[in-house]
Amino acid sequence: MRLVFAGTPETALPSLRALLKSSHEVAAVVTRPDGRSGRGRHLSASPVASLAAEAGVEVLKPAKARDPEFLDRLREIAPDCCPVVAYGALLPREALDIPRHGWVNLHFSLLPAWRGAAPVQRAILHGDDVTGAATFEIEEGLDTGPVYGVLTEPIQPTDTTGDLLGRLAVAGASLLLDTMNGIEAGVLEPRPQATEGVSHAAKLNPEDGHVDWKSPALHIDRLVRACTPAPGAWTNFRDTRVKLGPVRPVPEADKLSPGELHAGKNEVLVGTATHPVALGEVQPQGKRAMGAADWARGLNLIGKDALH
């Protein structure tokens with residue numbers, strides 16, 4: 001088929017690579033406009049735009065998917081289908097109607113669970129044991145369209161969002177390619193999503209990453225893993241923000257008050273509402289990330305020191 005691929009972040013790259021190597025023709029790529037990143041806040045192209053440019057594929061960067069120039073160019077290209085992975089913008093009806101086989105999204109959950117922007121983060125935060133990916137036909141509702149195919153993926157006890165999303169992006173690329181092949185062969189028909197088991201995955205913002213040490217250790221563990229690498233988990237120490245990597249629950253340790261620090265030779269424990277957790281990587285404001293024990297050795301901790 002003649003395809004126009006829509007995607008933006010690194011998560012979309014395995015799917016774009018798979019389609020570029022396939023028998024299908026990737027006639028163009030749609031991605032978000034260049035954004036500012038890094039300390040210098042320089043304008044840079046999205047990972048998808050960079051890969052497409054390397055492959056010699058036309059790149060479209062509409063400010064909005066309803067822009068007339070973009071819609072006209074999409075009609076000129078006349079794609080059979082538009083596969084989508086983490087594009088990051090809503091598609092209007094005018095765009096949805098252009099490809100004869102519609103727009104097919106790879107979503108990183110087992111729909112109808114975790115519809116929305118942050119399905120992997122919410123699955124980890126909620127304590128799900130299993131998640132997965134689904135390909136579905138995009139309609140005007142939020143991730144409500146009929147499903148072509150699914151795959152499942154266990155959530156490991158130490159998985160961060162980055163870990164799990166990395167595995168799903170690779171496995172999902174095969175699922176998306178299989179879906180394109182099935183549509184081309186006329187052997188796949190999408191099935192409506194179940195009406196039960198619907199949940200919504202709202203985006204996590206930086207404030208959501210603030211650890212409340214009055215929460216149980218299990219919740220804190222899930223929160224930090226869900227916020228890694230983005231938007232990042234953090235706490236306050238001596239009135240400055242400290243970024244946190246994944247923690248490790250230590251149920252056998254002596255109880256500490258919520259936020260209370262206990263620095264040993266090789267680990268730093270923090271009290272929670274239940275049992276302590278051991279800090280992993282710590283990054284004080286304006287400094288590099290380091291192991292918690294190294295961080296604590298340079299602090300000269302005193303009795304009233306605590307995390308907030």
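Of note:
- Beta bridges per DSSP with both ends in the chain, % antiparallel, nearest 5: 65 percent
- In plain terms, the chain from residue 185 to residue 64 could stretch by 40.3 nm, reckoned as 0.36 nm per residue minus the Cα-Cα distance.
- Directionally averaged shadow of the chain, computed from the convex hull of its alpha-carbon atoms, nm²: 17.6 nm²
- Shape call, the stretch 186-308: gyration tensor on alpha carbons, a/c limit 1.5: prolate
- Span from the the stretch 86-100 Cα centroid across to the the stretch 271-304 one, whole angstrom: 46 Å
- Reachable aspartates and glutamates, given that their alpha-carbon falls under 15 Å from the alpha-carbon of residue 64 and they are not under 8 places away in the same chain: 34, 72, 94
- Trypsin sites (Lys or Arg not before Pro) restricted to the stretch 63-133 and DSSP loop, no more than 15 other C-beta within 10 Å: 64, 66, 100
- Selected from 86, 273, 147, residue furthest toward positive end of dipole (the chain; charges at beta carbon): 273
- Residues with amide H under 5 Å from that of residue 116, placed H, sequence gap 5 or more: 201
- Summing Cβ point charges (Lys, Arg +1; Asp, Glu -1) relative to the Cα centre of the chain gives a dipole of roughly 1080 debye.
- Highest-fluctuation residue, 255, 21, 203 considered, GNM on the chain with Cα pairs under 10 Å: 21
- Cα gyration tensor shape for the stretch 1-96, rounded if a/c is under 1.5, else prolate or oblate: oblate
- Degrees, to the nearest 10: 217-226 long Cα axis against longest axis of the chain: 40 degrees
- Links that overshoot a 26 Å alpha carbon limit, given the list 61/243; 203/304; 203/255; 265/287: 61/243; 203/304; 203/255
- Near the amide H of residue 86, within less than 5 Å, lie the amide hydrogens of 106, all on another chain or at least 5 residues away, with H placed in the peptide plane.
- The stretch 245-308: GluC sites (Glu not before Pro) in DSSP loop, at most 15 other beta carbons within 10 Å: 252
Computed from the coordinates by the stated procedures, all read-outs in this text should not be read as laboratory data. Keep in mind that what you see is a predicted model, and the values were worked out from it rather than measured. Every residue, glycine as well, gets a Cβ built from its backbone with ideal geometry; the counts of neighbours run over all protein chains shown.
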